[in-house]
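Engineer: The structure is given below, and queries will be raised subsequently.
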Amino acid sequence: MLESVALMHAGGLAKLYESVANTLQLKTPSIDFAGMAKDAAEIEDKSMKRGGRLDTVDNPRVLCAASEQYAEPAYGFDSDVSVLDRYFPGQITVERALTSQRLMDLLTMQRFDIVHLVMPVDAASGALLFHRVQAHTHEPMSRTDSMLPHSFAALLEESKTRLVVLATCKALLLAVEVATVANMAASDQDISGQEAANWEDCFYRLIAQGKSVFKAFELTRQQRQEPIRAVRQKDVVFICRPAATTR
């Protein structure tokens, strides 16, 4: 009995026609099964590209980190932690004194699907600045600890990170430099901690509802006025599944 055939394979099509012909007691028709299979394969390929499934990540692991200076109450890092904990409960690693060495250790030893950073960025080079900067000017007081965009990108690739949110001022250059590795969101202007938290609440809520990253970017752009821009790499859906309970 013929149980299944693959329409994109000539042999499968030939078996299908032979089975039908035998059932009807007819002679199998003379058909270019190879050409027919090629056409079927092309149709299926186009269909997959139009409506194929997006990549999905179950219960994404989230790194929410700030430099020591930006973890201080004045910069609003607690709001970032609160938003992420609301939408990804039990999935967050929080770092309040991030250094370049610590970031390297985290991203090379663990997988983080989402990386959320609150720290200064050098607007000229796109480098992450882990040391203290002058208030309101973002000029570094010391240049002892920083990380260039290509170094950051290499770590994200190692960790298989799919989304990075840079909740800080004038970080768009870094986002563009790293966008070949992960989806990025960053501001091209000055932004307050409260403005960042408002954007995050809308964006991460949509993500937790099952919207893809691209859809969440677009819907948030339509709903919020904060100057955070998206730089897209590859769409993905993060699936937040509730933990199993026992009775």
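Engineer: Would you tally the residues in the range 178-194 being over 15 Å from residue 162 (Cα atoms), buried (at least 16 other Cβ atoms within 10 Å of the Cβ) and not small (Gly, Ala, Ser)?
Structural biologist: 2
Engineer: Related question: Among the residues of the range 199-214, are any closer than 25 Å to residue 97 by Cβ, in contact with a strand residue (DSSP E or B) (Cβ under 8 Å, 6 or more places away or on another chain), crowded, with 16+ Cβ neighbours inside 10 Å and aromatic (Phe, Trp, Tyr)?
Structural biologist: The answer is yes; a qualifying residue exists.
Engineer: Still on this model: Looking at 164, 237 in this structure, which one is in contact (Cβ under 8 Å) with a residue 40 or more places away in the chain, within 16 Å of residue 62 (Cα to Cα), surrounded by fewer than 21 Cβ atoms within 10 Å (Cβ to Cβ) and hydrophobic (A, V, I, L, M, F, W, C)?
Structural biologist: 237
Engineer: Scan 216, 182, 230 and give me the residue that is more than 15 Å from residue 87 (Cα to Cα) and at pLDDT 95 or above.
Structural biologist: One residue alone meets the criteria, 182.
Engineer: Go through (1) surrounded by 24 or more Cβ atoms within 10 Å (Cβ to Cβ); (2) touching a Phe, Trp or Tyr at 6+ places or on another chain (Cβ under 8 Å) and name the single condition residue 146 misses.
Structural biologist: (1)
Engineer: Hey, does the range 85-103 have a residue that's within 21 Å of the chain's Cα centre (by Cα), of a type in the set (Lys, Arg), part of a helix (DSSP H, G or I) and at pLDDT 95 or above?
Structural biologist: Among the residues of the range 85-103, at least one is within 21 Å of the chain's Cα centre (by Cα), of a type in the set (Lys, Arg), part of a helix (DSSP H, G or I) and at pLDDT 95 or above, which makes the answer yes.
Engineer: Give all pairs with beta carbons closer than 8 Å in which a residue from the range 139-151 that is under 13 Å from residue 103 (Cα atoms) meets a residue that is at pLDDT below 60; count only pairs at least 6 apart in sequence or on separate chains.
Structural biologist: 146/140
The values are calculated or read from the model by the stated rules, or taken from the named source; none is laboratory data. Worth saying up front: this structure is predicted, and the values here are computed from it rather than measured. Glycine gets a Cβ as well: all are built from the backbone with ideal geometry, and neighbour counts include every protein chain shown.
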